[in-house]
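Participant: Take this structure first; my questions come after.
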Amino acid sequence: MSAPRYAPHPYVGGRTAALRALAAWRMCWPGAPRVIALTGNPGSGRSRLLTGFLMMCDPEHRKKLPLYDLDPATVPPDLPAPAVPGPAGRTAAQVLELLADHFGLDAARSEDIFTELAALEEPVSIVVPDVDRAGPVRAADEPARLVADVLKPLAALKTVQLLADVPRALAAELADALPSGQAQIIDLDAAEWADPEGLVRHAETALGDAAGAAPELPYTTDPVARRALAEAMAGRADGSHLTVRLGVQSLLTAPDGFDPADASLLPGSIGEALDLHARRLGSDPQTLRSVLTPLAFAEGAGLPARLLAPLASAVAGRDMSREVAEGMLLAAPFIEPVADTADEADVEDVSGSGDGPAADRPLLRLIHPAIADDIRSGLPDPQDAQARIAMALLEAVPEQDWSRADPYVRDHLAAHTLEAGLLPQLLTDPGLFAHADPVVLRAAVEAVPLEQLGAPARTYLRTAPLLTRSQAPVVMRAALLETAFVEDGLGPHADALHTLGLGLPWRTLWSVPLAGVAAVTTGLLPPEGEGADARPVAAFLVPEGTPGSRPRPGGGKGALLLHDLLRAGHVDADPARVQRPSQEAAEAAPYGFSPGADSLRVWDRPSREVVTVVLSDTPFTGADLSPDGVLVLATGLGVTARQILATVPGGGPHHGAG
């Protein structure tokens, strides 16, 4: 009796052995591993397989699939959908935050997330696709960090069933960290998981789908001719679904001059698909590669179309405008447009996208990262090409005004200069620090050895966690950086931020690195002598014995240290002489404030509207606001004074002290 014939998965088209293994993992079948690392060569179809499997794991999507026609061993049970945090374009920390949000975990630190997952009463399933696309900066090697910091700790938890699509080297690292029997590597290029018939079916389906759109051709309309060509293409493609895809798209883009009986016209690799396509269209393969080179180095969601010609020209060392303009048909099988806007992918998004909203201009990208890998590897000096691209992008900033720069240039120039080995030289511009996407810039800066960074870059690096955590807009980023520069003794950099026309809500007057400050107050020292003015001061409550401090008037724990309110400098005076603002002065002050643990709101007294918020990465230990609008804040690291410059709603600025 012959075995029953089941229909192939309508999206995957094969991979029965792999689908059976994934279904066994999902149903916790006896003997099935708790952790699966799915891997294979770039273009092997890992993403497509995982997407097809997740279709069957989603209760709503299952209703649209012919499950009763499929091999029952490939169909997972009807359970709640697993968590699917898409890592594409995200850092390891962001992926972990997605998981915390998905499971409703109230954890402030990464280690707390793992602790809470370990304490769950019921096991949870987590699927992580496209690990090779993790990170906002390609050269920062975020996939390795994601495996080390997120996937390996998750795999170690007995309450977690983990399925991850990872590059081959990282698959071994993930599996080897677990005891024998708990992890399995499914390598789609290995003999036991290979699916040559599925590859033929892929080519056959792609050719058939084109029957209505392409000119009538024997290999699109005739099933016998279509099958023969599909078998020939799959036989040449060495197991690569991407090579098959490119070969089909190439011949459908320009079917003239294609002889299906000539095997030399069928690609055996991604590189051959590029070169054969160019030759068949009467072009030099190097011209096609030159047109595509900027896209091979592109970061983020895609490259603005208007930058393609200038960047191609920069790499080639000559004007490529004509080749780019005339080369769109030539390049068509290898590129795709990107939507002007892209919603943030949430944890259930099986696509794994998540580059965030794109700017309102046409974007282009290569259809697969493996094409970019092939183009970059074919360059005589990839680092030099990247340096040329970086310089061209820098020249595209109008008058070096980052507020007018194309969003791609503003946010991704650092990634290009990182790969070119030039990033430390770029990290001196406060305007770039303020305007660039802090998630992307932080990832790039963190990839540079600390000893290679100058003082401004180190200041940015220590401030970046606050910028990314708070998701602060550009004005607040500039304000937080302005204070950080003052704290680190980089006054000119702080001053430069006030020249950008952003309207910062404050000016940081001074900063004192001083541990142990428990409280701060503002007041006045009476004038010493006829004609002198009262001197505004700040008083710090510090531990006894702090250099420069004096005992508290009237006794009590601690001591008082006086500091000039409006400029840097210790004040050697008796704290008992300090006068607090009168009730009338306090009530007439333009601002009030409401402190929290690590944020503080300053509000306009008449309207009660908030005029600015001060954020801190360490808890406040003291705060006071003088009648003239000088805000003194203490943390465990020191004390700062900020002159509030914020505009009162419906009026002008309320600052009186200079």
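Participant: Looking at R227, R306, R245, R279, can you tell me which residue is within 30 Å of E204 (Cβ to Cβ), open to solvent by 50 Å² or more (accessible area, probe 1.4 Å) and under 30 Å from the mean Cα position of the chain (by Cα)?
Facilitator: On the way: R227 fails: under 30 Å from the mean Cα position of the chain (by Cα); R306 fails: within 30 Å of E204 (Cβ to Cβ); R279 fails: under 30 Å from the mean Cα position of the chain (by Cα).
R245 is the lone residue from the list that is within 30 Å of E204 (Cβ to Cβ), open to solvent by 50 Å² or more (accessible area, probe 1.4 Å) and under 30 Å from the mean Cα position of the chain (by Cα).
Participant: Identify the residue in segment 412-425 that is in contact with a Leu (Cβ under 7 Å, 6 or more places away or on another chain) and either open to solvent by 10 Å² or more (accessible area, probe 1.4 Å) or among the polar types (S, T, N, Q) (or both) and, among all such residues, is nearest to E299 (Cα to Cα).
Facilitator: Of all residues in segment 412-425, those in contact with a Leu (Cβ under 7 Å, 6 or more places away or on another chain) come to 413-414, 416-417, 424.
Those still in the list that are either open to solvent by 10 Å² or more (accessible area, probe 1.4 Å) or among the polar types (S, T, N, Q) (or both) too: 417, 424.
Numbers: T417: 12, P424: 19 Å.
This residue is T417.
Participant: Now, a different point. Here are R34, R46: which of them is over 18 Å from T243 (Cβ atoms) and of a type in the set (D, E, K, R)? Before you say what the answer is, go through the steps one by one.
Facilitator: Numbers: R46 fails: over 18 Å from T243 (Cβ atoms).
Only one candidate qualifies: R34.
Participant: Checking the conditions here, which among A385, A455 is among the small types (G, A, S), in contact with a Leu (Cβ under 9 Å, 6 or more places away or on another chain) and open to solvent by less than 40 Å² (accessible area, probe 1.4 Å)?
Facilitator: Values: A455 fails: open to solvent by less than 40 Å² (accessible area, probe 1.4 Å).
After applying the criteria, what remains is A385.
Participant: Of all residues in segment 581-626 being small (G, A, S) and over 29 Å from P526 (Cα atoms), which is most open to solvent (accessible area, probe 1.4 Å)?
Facilitator: Kept after step one, since they are small (G, A, S), are these residues of segment 581-626: 582, 585-586, 588-589, 592, 594, 596-597, 599, 607, 616, 622-623, 626.
So of that shortlist, the ones also over 29 Å from P526 (Cα atoms) come out as 596-597, 599, 607, 616.
Numbers: G596: 35, A597: 76, S599: 43, S607: 50, S616: 12 Å².
Filtering first and then ranking leaves A597.
Participant: Tell me, which residue of segment 85-116 that is open to solvent by 60 Å² or more (accessible area, probe 1.4 Å) and within 20 Å of D617 (Cα to Cα) is modelled with the lowest pLDDT?
Facilitator: A108
Participant: Here is a further query. Which of the residues belonging to segment 256-267 are crowded, with 17+ Cβ neighbours inside 10 Å and either at pLDDT 90 or above or of a type in the set (D, E) (or both)?
Facilitator: Across segment 256-267, the qualifying residues are L266, P267.
Participant: Could you give me the residue pairs with C-beta distances under 6 Å whose first residue belongs to segment 365-393 and is on the phi > 0 side of the Ramachandran plot, whose second residue is of a type in the set (A, V, I, L, M, F, W, C) wherever it lies, and which are 6+ apart or on separate chains?
Facilitator: Close Cβ pairs (under 6 Å, with a partner that is of a type in the set (A, V, I, L, M, F, W, C)) do not exist here.
Participant: Here's something else I'd like to know. Report whether or not G14 is at pLDDT below 95 and in contact with a His (Cβ under 8 Å, 6 or more places away or on another chain). I'd like the intermediate steps shown before the answer.
Facilitator: Numbers: at pLDDT below 95: yes; in contact with a His (Cβ under 8 Å, 6 or more places away or on another chain): yes.
Against the criterion (at pLDDT below 95 and in contact with a His (Cβ under 8 Å, 6 or more places away or on another chain)), G14 qualifies.
Participant: Which residue, of R133, R145, is basic (K, R), within 30 Å of A296 (Cα to Cα) and touching a helix residue (DSSP H, G or I) at 6+ places or on another chain (Cβ under 6 Å)?
Facilitator: On the way: R133 fails: touching a helix residue (DSSP H, G or I) at 6+ places or on another chain (Cβ under 6 Å).
Checking each option against the conditions leaves just R145.
Participant: Looking at segment 412-464, what helices (runs of 4 or more DSSP H) fall wholly within it and have at least 2 residues that are closer than 17 Å to G491 by Cβ? Steps first, answer last, please.
Facilitator: On the way: elements: 423-426, 430-435, 438-446.
Result: 430-435.
Participant: OK, next. Looking at E272, is it open to solvent by 20 Å² or more (accessible area, probe 1.4 Å), within 22 Å of A372 (Cα to Cα) and charged (D, E, K, R)?
Facilitator: Details: open to solvent by 20 Å² or more (accessible area, probe 1.4 Å): yes; within 22 Å of A372 (Cα to Cα): yes; charged (D, E, K, R): yes.
Yes, satisfied.
Participant: Check segment 357-369 and report whether any residue there is modelled with pLDDT under 95, small (G, A, S) and either in contact with an Asp or Glu (Cβ under 7 Å, 6 or more places away or on another chain) or surrounded by fewer than 20 Cβ atoms within 10 Å (Cβ to Cβ) (or both).
Facilitator: Yes, that holds for at least one residue.
Participant: Ok, one more. Hey, can you tell me all the residues within segment 285-300 that are in contact (Cβ under 8 Å) with a residue 12 or more places away in the chain and open to solvent by 20 Å² or more (accessible area, probe 1.4 Å)?
Facilitator: First pass over segment 285-300, keeping only residues in contact (Cβ under 8 Å) with a residue 12 or more places away in the chain: 287-300.
Selection gives T287, R289, S290, A298, G300.
Participant: Tell me, which residue of segment 48-78 that is touching a Lys or Arg at 6+ places or on another chain (Cβ under 8 Å) and of a type in the set (D, E, K, R) is most open to solvent (accessible area, probe 1.4 Å)?
Facilitator: Looking at residues that are touching a Lys or Arg at 6+ places or on another chain (Cβ under 8 Å) and of a type in the set (D, E, K, R), I get D78.
Participant: Let me ask you something else. Which count do you get for residues in segment 91-120 that are farther than 14 Å from L151 by Cα and assigned to a loop (DSSP other than H, G, I, E, B)?
Facilitator: Counting residues in segment 91-120 that are farther than 14 Å from L151 by Cα and assigned to a loop (DSSP other than H, G, I, E, B) gives 9.
Participant: OK, next. Can you go through V150, V124, V137 and tell me which one is crowded, with 22+ Cβ neighbours inside 10 Å and within 26 Å of A81 (Cα to Cα)?
Facilitator: Values: V124 fails: crowded, with 22+ Cβ neighbours inside 10 Å; V137 fails: within 26 Å of A81 (Cα to Cα).
Selected residue: V150, the only one of V150, V124, V137 that is crowded, with 22+ Cβ neighbours inside 10 Å and within 26 Å of A81 (Cα to Cα).
Participant: Considering only residues that are small (G, A, S) and modelled with pLDDT of 95 or more, which ones fall in segment 157-170?
Facilitator: First, pick out the residues of segment 157-170 that are small (G, A, S): 164, 169.
Selection gives A164 alone.
Participant: Considering each residue of segment 493-537, count those that are outside any strand (DSSP E or B) and of a type outside the set (D, E), and give that number.
Facilitator: Total meeting the criteria: 23.
Participant: Got at least one residue in segment 541-550 being at pLDDT 95 or above and under 24 Å from V611 (Cα atoms)?
Facilitator: no
Participant: All but one of (1) closer than 25 Å to L79 by Cα; (2) in contact with a Leu (Cβ under 8 Å, 6 or more places away or on another chain) hold for Q161; state the number of the condition that does not hold.
Facilitator: (2)
Participant: Something else now. Quick one: in segment 577-636, of everything that is assigned to a loop (DSSP other than H, G, I, E, B) and β-branched (V, I, T), which residue is nearest to the chain's Cα centre (by Cα)? Write out each step before concluding.
Facilitator: First pass over segment 577-636, keeping only residues assigned to a loop (DSSP other than H, G, I, E, B): 578, 580-582, 589-590, 596-598, 605-609, 616-619, 626-629, 636.
Pick out the ones that are also β-branched (V, I, T) and you get 578, 618.
On the way: V578: 50, T618: 24 Å.
Across segment 577-636, the extreme among qualifying residues is T618.
Participant: Could you say which residue among R138, R145 is in contact with a Phe, Trp or Tyr (Cβ under 9 Å, 6 or more places away or on another chain) and under 29 Å from P449 (Cα atoms)? Outline the logic, then answer.
Facilitator: Working: R145 fails: in contact with a Phe, Trp or Tyr (Cβ under 9 Å, 6 or more places away or on another chain).
Criteria check complete, one pass: R138.
Participant: In segment 563-593, which residue that is touching a residue at least 60 places away in the same chain (Cβ under 8 Å) and not hydroxyl-bearing (S, T, Y) is nearest to E609 (Cα to Cα)? Before you say what the answer is, go through the steps one by one.
Facilitator: So the first thing to find is which residues in segment 563-593 are touching a residue at least 60 places away in the same chain (Cβ under 8 Å), and the list is 563, 565-566, 590-591.
Still in the running and not hydroxyl-bearing (S, T, Y): 563, 565-566, 590.
Details: H563: 30, L565: 26, L566: 26, P590: 12 Å.
It comes out as P590.
Participant: Right, another one. Go through segment 75-115 and give me each residue that's charged (D, E, K, R) and free of Cβ contacts under 8 Å to residues at least 24 places away in the same chain. Before you say what the answer is, go through the steps one by one.
Facilitator: Step one: of segment 75-115, the residues charged (D, E, K, R) are 78, 90, 97, 101, 106, 109, 111-112.
Scanning segment 75-115 gives D78, E97, D106, R109, E111, D112.
Participant: Hey, another quick one. When segment 555-569 is examined, which residues are found to be closer than 17 Å to G516 by Cα and assigned to a strand (DSSP E or B)? Before you say what the answer is, go through the steps one by one.
Facilitator: Just the residues of segment 555-569 that are closer than 17 Å to G516 by Cα, to begin with: 556-563.
Answer for segment 555-569, where residues must be closer than 17 Å to G516 by Cα and assigned to a strand (DSSP E or B): A559, L560, L561, L562, H563.
Participant: Identify the single condition in (1) surrounded by fewer than 18 Cβ atoms within 10 Å (Cβ to Cβ); (2) farther than 15 Å from S616 by Cα that Q471 does not satisfy, given that it satisfies every other one.
Facilitator: With (1) surrounded by fewer than 18 Cβ atoms within 10 Å (Cβ to Cβ); (2) farther than 15 Å from S616 by Cα applied to Q471, the lone miss is (2).
The values are calculated or read from the model by the stated rules, or taken from the named source; none is laboratory data. Bear in mind the structure is a predicted one, so any value in this text is a computation, not a measurement. So basically every Cβ, Gly included, is an ideal-geometry build from the backbone, and we count neighbours across all protein chains shown. Note: accessible area is taken over every heavy atom of the protein model, side chains too, but ligands, DNA and RNA are not part of it. Shrake-Rupley method; radii C 1.70, N 1.55, O 1.52, S 1.80 Å.
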